[in-house]
Each structure stands twice: as structure tokens, then as C-alpha cells.
1. Please tell me if L59 is in contact (Cβ under 8 Å) with a residue 40 or more places away in the chain and in a strand (DSSP E or B).
2. Looking at the stretch 140-171 only, could you name the residues that are touching a strand residue (DSSP E or B) at 6+ places or on another chain (Cβ under 8 Å) and not in a loop (DSSP other than H, G, I, E, B)?
3. Under the condition of being in a loop (DSSP other than H, G, I, E, B) and either under 18 Å from R218 (Cβ atoms) or of a type in the set (G, A, S) (or both), which residue from the stretch 239-260 is modelled with the lowest pLDDT?
4. Give S333, S289 a once-over and let me know the one that is in a loop (DSSP other than H, G, I, E, B), surrounded by fewer than 20 Cβ atoms within 10 Å (Cβ to Cβ), out of contact with any helix residue (DSSP H, G or I) (no Cβ under 8 Å at 6 or more places or on another chain) and hydroxyl-bearing (S, T, Y).
5. Which residues, taken from the stretch 1-40, are without any contact (Cβ under 8 Å) to a residue 24 or more places away in the chain and surrounded by 11 or more Cβ atoms within 10 Å (Cβ to Cβ)?
6. Going residue by residue through the stretch 229-244, is there one that turns out to be farther than 18 Å from R342 by Cα and of a type in the set (D, E)?
7. Of all residues in the stretch 305-320, how many are at pLDDT below 90 and within 22 Å of A255 (Cβ to Cβ)?
8. Scan the stretch 41-53 for residues that are in a loop (DSSP other than H, G, I, E, B) and either without any contact (Cβ under 8 Å) to a residue 12 or more places away in the chain or buried (at least 17 other Cβ atoms within 10 Å of the Cβ) (or both) and report the count.
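The values are calculated or read from the model by the stated rules, or taken from the named source; none is laboratory data. Just so you know, these numbers come straight off a predicted model, no measurement behind them. A quick note on method: Cβ atoms are made from the backbone with ideal geometry, for glycine too, and the neighbour counts reach across all protein chains shown.
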Amino acid sequence: MSVDAYSRPEPSFHSELTLVGRGTPMGELLRRYWHPVGLTSDAGEIPKMVRVLGEDLVLFRDRAGRAGLLYPRCAHRGASLYYGRTEERGLRCCYHGWLFDVEGRCLEQPFVTNRGSASVVRQPAYPVQERYGLIFAYLGPPAKRPLLPRYNLLEQLAPGEHIEADDTSIGSGGPALVPCNWLQHFENVMDPYHVAVLHSSFSGVQFTEQMRLVPQVRFENAPYGVRSIQLRDLGGGRVHHRVTETVLPTIRAVANPRAEHGGPCAQLGWVLPLDDTSFRIYSAGRVRSPGELGKGRSRFNGKTWFELTPEEHQRMPGDYEAQVGQGAITFHSEEHLVSTDRGIAMLRTMLKRQVETVAQGGDPVGVAFEGGSDLVELAAGTEVRESAGVDQH
């Protein structure tokens, strides 16, 4: 029986998973974690506007080297601190010269005669910390602020390795600012089956030959999220063993699919929701040479994503087209999930449970507080193993 498009039901999406503003279920969950809001180099003497979880903020670095993240409207008369001037002790408003430090304390009020008035004024500010070449901010309730995590994959450096960070687009290429909901990309990490179609047969081989093979996959809940264990039979008693992980709330741990040799995952990517309908990715990884992290983007008939014509984008789509093409926020009511989508269903279920935990006053998975461990141990990586045959279990 054919489906009458005219009579189709009004579509809808899971707002509790996709909307990220303050007061929304997912927005409150996301605000219980640290998020990268820029590269270390993004905080300089010239203030920079950044958008994070639907909030517009000003990122800067005072001349003493401290990074700060402030609400942009000056607490005096509302002028934008984007036009402020950085000084040794903080950021000075261009309108009347009020000076605020990186924690939002008002240090000076030129010409004001009210004694002590500066001490009672606070510019709204969020705490920031720097690690792995990134600036992380915590946008949640101060009493629930967790430790900023460390990750075994970025802490255990081999001789000659160092950490590099970047903010390039999704792996197959595209603009750094991606115009669709963050979950459309994040849950793609739990979709290993699309590799054999989108990145192999449909748009040409973009990864290694072994990644063309359709894997046998096992999905499982992990301490910090959901992981997939993928087995690709290479023949001759050899199997390509690959583990990918989603780490709540937004981290993707995916080993380089273009790497011929195995080993632990060398790169983590944070999928940062800018608002409900756009995101960007900040990455940090182990490298041996400068610029290595951003190399190896997909090629489409020898061309980069930006070199393709509109027709070539249509004929050779990548992740960008597949995910942005779902719309600003995909209609979940129109999906038909099947067995290959089990990992996506598990990830959504885990996110829903953490949303409920926070709504009930609890702490979400993966956060640690003073006295606990800030180290997150992940198993993501690839290796070729000897095996008598590929097994699902």
C-alpha cells in the first residue's frame, strides 16, 4: 500500500534530547559538564564572541595571561564587552570604563563617587580552565561543578608525541560551523554500518580498504557512554578489531579510519552545540608533527569538500550532506529504526536516563568531584588480531 504524502502525520522530534538552552532537559544535563569553547589561541587581547549552548558570551585573555568568559552586556549600562579593552587585571568596558576581572568582579568604576559601589557589582561570568590546547568552560550550577576530566588516550604519550588541538569540521569535510542539531552528528559515532555505504560504495573509498568491509558489530553500555566493537574479517585467520566510543555528554572517541596501522585512538572530538540548530567540533589528539591533526580529510575524486561543485556534492555526499540533509533538527517521528540502529537507540536511552537523573537532583554519569578521580579510561582503538573466524560474541 502506498503512503499518501498529503496525509502524513505532523512530524516531531525528541525535544528532550535536542534542545540545549537553559531550562531545557538536555540543556541542564549538558551544563553539568565542562565544554571546550575555543582553542587556547582564541583567547587573546582582542575579545571574541562565542556561542555556547544558546548563550552568547565574550572570551578574552587579560594581559596577565588569564582567560575569561563573561556575559557580554556590561553590568553598568549594557554596552557590549566585545568592544572592551583587555588590561593587566581584566577587561575594560568601552562606554564608561568599568573594569572587570576574569571572574566578573568589578575592579574599577571611573568617576564614580559612591564609596564601595564597585565591590557589590558582579559581571556574570563562567569559570574556565585550559587543557590539551583547548579552553574549557563550565556553564552549570556552581555547587555542582565537577573536576575537569583528563583522558588516558591524551595522557599517555609515546616518545616524540605531543598534544595538538584544532576546530575543523566533521571528518569528511565541510564548514567548521555545521548548521544542524548536534545529536545528528554525535549519534553517528554509533552507526558503523554507514561506513560501508556512504564512505565506501556510494562516494568512493574514503578510508582504508579494510574499512570497506561490512563489520559484525556488538554494542554495549560503557562506564561513560556507549561503545561499539566492530569485527571485519580480513581472511587468512586475521580480523580487524575496532572499538569506537561515545563519552557523555558530547565526546567522540573514534580511531582514524584512514590509518593503516592499529593502536589506541589518538584523537578525541567534542561536539559542541552552539544552539539548537548548529554545532562545531573541537578536537585534541596525539601527534608527532605540527598540523598533523587536521590532515587526512576525505577526498572525493581527488577533491576536498570545498573544491566540489554543487552537483558533485549531490553525487558524492559525505557525513556533512547526510547529517545536514536531515534538516535543522531531524524528525524522529518519521524514523524507522532497525537492528543496525541498536547503538543509536542505546545512546538515546542513556542520554534520556541522564536527563532524568539530573531532573531528579542527581549527578549524571562520568562526573567526578573533589576527592574523586578525574581520569577517564577509554578503550577506543584498532588492531589486527589472529582469529579462527569472526564471531559476534
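1. When the stated conditions are applied, L59 passes them.
2. R150, Y151, N152, L153, L154, E155, H162, I163, E164, A165, D166
3. Out of the qualifying residues, it is A259.
4. S289
5. Correct list: S15, T24.
6. So far as the stretch 229-244 goes, yes, one or more of its residues are farther than 18 Å from R342 by Cα and of a type in the set (D, E).
7. Final tally of qualifying residues: 3.
8. Qualifying residue count, the stretch 41-53: 3.
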